[in-house]
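Participant: Okay, here's the structure, questions in a sec.
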Amino acid sequence: MISRPSGDDMQGSGAPPTLIVYSRRGCHLCELLLEEIEPLVRDRANVRVLDVDEHPEWQAAYGDRVPVVCCDGDEICQYNLDRRAVLDGIGVREG
């Protein structure tokens, strides 16, 4: 599930992991990455999309370097989806 920020973003124990995608409106690479990541993590993790242009600190940190995918505070891929890094980040081991 892909979500946009809301007032209640607390993650309880036993909740699936959450991937953060730093993105921006009108970003073609961002749109492609989101299209690819949703089926990859469906039923395994939540995806939260944050627009870097909404907060000066995100703008300063990422600038034009979007999309960036983070898990547990670590950047796991940028620009293009790294399927293996995402699956490793959410603890999925595929044969």
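Just so it is clear, none of the values below were taken in a lab; they were calculated from the coordinates. Just so it is clear, the model here is predicted, and its values are computed rather than measured. Heads up, the Cβs are rebuilt from the backbone with ideal geometry, glycines too, and the neighbour counts pull from every protein chain shown.
Participant: For an R0 of 35 angstrom, estimate the FRET efficiency from the Cβ-Cβ distance between R42 and Y79 and round to the nearest 0.05.
Facilitator: On the way: r = 22 Å, r/R0 = 0.63.
The pair R42/Y79 has a calculated efficiency of 0.95.
Participant: On a full-extension model of 0.36 nm per residue, what is the gain between E57 and R93, subtracting their alpha-carbon distance, rounded to one decimal in nm? Don't skip to the end; give the middle numbers.
Facilitator: Numbers: separation 36, 0.36 × 36 = 12.96 nm, distance 3.39 nm.
Length difference between fully extended and current span is 9.6 nm.
Participant: Let me ask another. Compute the Rg to Rh ratio over the chain from the alpha carbon atoms, using the Kirkwood formula for Rh, and round to two decimal places. Intermediate results must be reported in sequence, preceding the final value.
Facilitator: Values: Rg = 12.8 Å, Rh = 13.5 Å.
Rounded to two decimals, Rg/Rh equals 0.95.
Participant: Cysteines of the chain lacking any other cysteine beta carbon under 4.7 Å?
Facilitator: By the Cβ distance rule, which asks for a partner under 4.7 Å, the isolated cysteines are C70, C71, C77.
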